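Worksheet: the structure to be examined is printed underneath.
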Amino acid sequence: MRRDERELGVLMVLAQQGDAVSYRLLLERARAWLTRYYRARLPAAAAEDAVQDALVAIHNKRATYDGLRPFGPWMGAIARFLWIDRLRRMERRAEGAAPGEDSGFEPRPALDDAADIARLLAQLKPAQADAIRLVKLQGYSIEEAAGMTGQSAPLIKVNVHRGLARLMRLVQSGRS
Amino acid sequence: MRTDTLIDALVVDASGRMQPRGWLVGLPFAVVALEAAALVVTGQLRPDLWAGTPSAVVGWRIAATALVAVVAGWLALRLRSPVRTPRDWPILLAAVAVLLAGWLIDAAHPSSLPLLARLRPAKGLHCIAVVTAGAFPVMAAFVLLLRRGATVRPRAAATAAGMASAASGALVWALACPIDDPLYVVLWYALASALIVVASRAWLTEVVKLRPRCPVREGMRRRLREGWPWR
């Protein structure tokens, strides 16, 4: 894995210098990793879109990669941020859509994704669902979420961490 | 299969293009220097600064605003990278050091004036307006830099950029401000900075957030007509 990461880092440095062949290799390998990453964390319909989003983000932000540092954490940070952002948007759509209502303007997959997120959150412990909803989906800080839920700040962190891990397991078990 | 098309398009877009170097990082500092130069050119610089004999309060407020601007600016620039997670404590330490030094200077030169006369609210409101006007171009420079970066902590980046911009605006005004009371400086400069930071946090968080924007360079346009993301 470390060797693989070094190779990806070298490919990115070459891509930053305008080498198209290296860049294609990099994107193909990044695509494989991103596909695994998002399939484990998102409903199936959203995973392919998320991969495309992440590839475009990697493309746009490739100048921010520092060749002296490992590539994996750089790509992982971008992928994770876009995942959380997508979860937030899905949550907002879920809140905006009245039950059984289809305005005709919202594409069907988005409504399905929103329903999936609501269904997945409902399967978590209430404290974990609250922590994820406030911190990851609505963007409150750990301290603000602690004040709103009555949980301590360390407990919020633990509930977010455990809740996300459980969400991943739920998505994976739902697929298998 | 549509992702293959996207990869083709991205490779075409990137081929033969060197990535821009980091010279833009100096942009906020250049803007502050330009604003200071404008003060000099328009003759608004304090006479004691021209003469090289500023009072302790003037020296303190210039050093204090410069310190906060540099620390917050450094924090904002570090946050452009998705893998850098700088700590927030340097900014808190700088703020505490600034306030402590101000308190010491105030204690060394106690004023006999009543509180309202020391605070001069009418001039204070003018001070807020000038600091905000000075902060705006610096904030624009930070927005440009942060949007080119890939921050995964947009709220922290927006806050740091707001703080650096506010301190820069205050620094430039500190070179011209005629009032030397530490209490006045602490209250009005801090109030102006707080307003700018709150506005920055509210408005810039979404602006500087990492977003996958489809590139629109020539060669991509044909593919863009097909629609993106490609489902």
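Each reported figure results from applying straightforward, stated rules to the coordinates on display, with no laboratory input. Worth saying up front: this structure is predicted, and the values here are computed from it rather than measured. In this analysis, Cβ positions are derived from the backbone assuming ideal geometry, glycine residues included, and neighbour counts consider all displayed protein chains.
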TODO: For residue A:136, go through the lysines and keep the ones whose alpha-carbon is under 27 Å away, minus same-chain ones fewer than eight residues off.
DONE: A:61, A:125, A:157, B:209
TODO: Taking the Cβ of each residue in B:50, A:83, A:74 as the centre, tally the other Cβ atoms inside 10 Å and list the residues starting with the fewest.
DONE: B:50, A:83, A:74
Open item on the list: Once R0 is set to 35 Å, what does the formula 1/(1 + (r/R0)^6) return for the Cβ-Cβ distance between residue B:33 and residue A:88, expressed as a FRET efficiency to the nearest 0.05?
Closed with: 0.35
Task: Separation of the residue B:140 and residue B:206 label points, Cα + 7 Å toward Cβ, nm - done: 2.2 nm
Open item on the list: Could you give each residue of the range B:164-177 its phi-based ³J(HN,Hα) in whole Hz, using Karplus coefficients 6.51, -1.76, 1.60 with θ = phi - 60°, and x for Gly or Pro?
Closed with: 5, 5, 4, 5, 5, x, 5, 4, 5, 5, 4, 6, 10, 4
Open item on the list: Based on the alpha-carbon set only, what is the convex hull volume of the protein assembly as shown divided per residue, in Å³?
Closed with: 195 Å³
TODO: Compute the distribution of all C-alpha to C-alpha distances in the range B:93-137, in bins of 5 Å from 0, and list the percent of pairs in each, rounded to whole numbers.
DONE: 5, 17, 13, 18, 26, 16, 4, 1
TODO: Compute the distance in nm between two label points, each set 7 Å from the Cα along the Cα-to-Cβ direction, one at residue B:24 and one at residue A:35.
DONE: 3.3 nm
Task: Segment residue A:157-residue A:68, extension gain: residue separation times 0.36 nm, minus the distance between their alpha carbons - done: 28.9 nm
Task: residue A:45/residue B:104 FRET efficiency (R0 60 Å; Cβ-Cβ; nearest 0.05) - done: 0.45
Open item on the list: Spelling out what I want: for every residue of the range A:19-24, take phi, set θ = phi - 60°, compute 6.51 cos²θ - 1.76 cosθ + 1.60 (Karplus), and round to whole Hz; glycine and proline get x.
Closed with: 7, 5, 5, 4, 5, 5
TODO: Using only Cα atoms, find the angle between the long axis of helix B:89-108 and the longest principal axis of chain B, and express it within 0 to 90 degrees, rounded to the nearest 10.
DONE: 10 degrees
Task: Computed E for residue A:148/residue B:115 - FRET, C-beta separation, R0 35 angstrom, nearest 0.05 - done: 0.40
Open item on the list: List residues of the range A:113-156, by number, whose backbone nitrogen lies under 20 Å from a label position 7 Å along Cα→C-beta of residue B:87.
Closed with: A:142-143, A:154
Open item on the list: Give me Rg/Rg_expected for the range A:1-67, where Rg uses Cα atoms only and Rg_expected = 2.2 N^0.38 Å with N residues.
Closed with: 1.14
Task: Calculated over the range B:1-155: convex hull of Cα atoms, volume per residue (Å³) - done: 179 Å³
